Amino acid sequence: MHVNPQMQGLPPPNFQLSNCQGRKRALLIGINYFGSRNELRGCINDVHNVKNFLMTLYNFREEDMVILTDDQKDPRFIPTRQNMISGMHWLVANAQPNDSFFFHYSGHGGSVRDVDGDEDDGQDETVFPVDHDRYPGETGQIVDDEMNAIMVRPLPRGCRLTAIFDSCHSGTALDLPYVYSTQGVLKEPSALKDAGSGLLQAGMAYASGNLGGALSTLMGSGNRLLKGNSQARQAQQFKGSEADVIMFSGCKDDQTSADAVIAAQATGAMSYAFTTALRANRNQSYLQLLNSVRDILRQRYSQRPQLSASHPIDTNLLFIM
């Protein structure tokens, strides 16, 4: 595994993998936003498809699932902000090592200005409950920091949470600190990339005799690198977990996720690709699964799904759930 230079010097996380042989529990959320200007068509279908997928391939039981969709009659199962938060707490309650929990969200996603300084891009990723517009400003949205605090941090060592986000701007929707490329290497935060680019520019300025420009560029690059290093340490210390948390998201933070029609049924592209890839072959490594999902999406869409985790992972290990 490639070790991100920003992570060097940090103690290795004391995590434990789950064998996924304990209790299984799932929270599935699909929101079409009926009657709104931004109505979607495939999100509720996604939930039903994922429910069937979990029951037939991974032995989840219907009685161990909570399903929130905005076509239900019972108000307890409408995906309001309150019900979604309650569902997240239910999902991870009394978690034990080797349990296997599953979270699926299909709906609108967005981003808001980061206020605690933990985001490399200055934006927190969010999801939109069906009643988000009844709250002042952006407070009706559920922010990645809040989801991490509810569903990731309380989990004990050796407990698995698998999360699928089929929404826009969802690359780091659970704020997990380890993000992997399709080559199975840990991605560098953009602050480090920017610093590297700045060092190159400084070298070119020095070679051309522009000493002042070289010095200015070097100082800016150093500040960006220090900022990125601080963010990386903060993310690992506060957003990582000793549990076994894995997330597949529909796209990078700066991308949108498609609401599609596939085989004459409205569906979220990511939900379709994830379930299709595993129905075709359950015996895939994390890296193979990420590439299988990307291959399916690449046939019709520009979005690039991402794999992230609460701890360093060997992406060649077999994906289990």
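The values are calculated or read from the model by the stated rules, or taken from the named source; none is laboratory data. Every value quoted in this text rests on a predicted model; they were computed, and no experiment measured them. A quick note on method: Cβ atoms are made from the backbone with ideal geometry, for glycine too, and the neighbour counts reach across all protein chains shown.
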Query raised in the report: So I262 fits all but one of (1) at pLDDT below 95; (2) under 20 Å from V179 (Cβ atoms); what number is the exception?
Result: (2)
Report task. Report, ordered by the first and then the second residue, all pairs with beta carbons closer than 6 Å, sequence separation of six or more or different chains, a first member in the stretch 103-116 that is more than 17 Å from M270 (Cβ to Cβ), and a second member that is in a loop (DSSP other than H, G, I, E, B) and modelled with pLDDT under 85. Result -> S111/H169; D114/G122
Report summary line: Checked pairs for the stretch 267-286, first without any contact (Cβ under 8 Å) to a residue 12 or more places away in the chain, second surrounded by fewer than 24 Cβ atoms within 10 Å (Cβ to Cβ) and part of a helix (DSSP H, G or I), C-beta under 8 Å and 6 or more apart or across chains, list as N281/S292
Query raised in the report: Does L28 satisfy the criteria of being closer than 21 Å to F128 by Cα, in contact (Cβ under 8 Å) with a residue 24 or more places away in the chain and touching a Gly at 6+ places or on another chain (Cβ under 8 Å)?
Result: no
Query raised in the report: In this structure, is L176 assigned to a loop (DSSP other than H, G, I, E, B), closer than 16 Å to G240 by Cα and at pLDDT 75 or above?
Result: yes
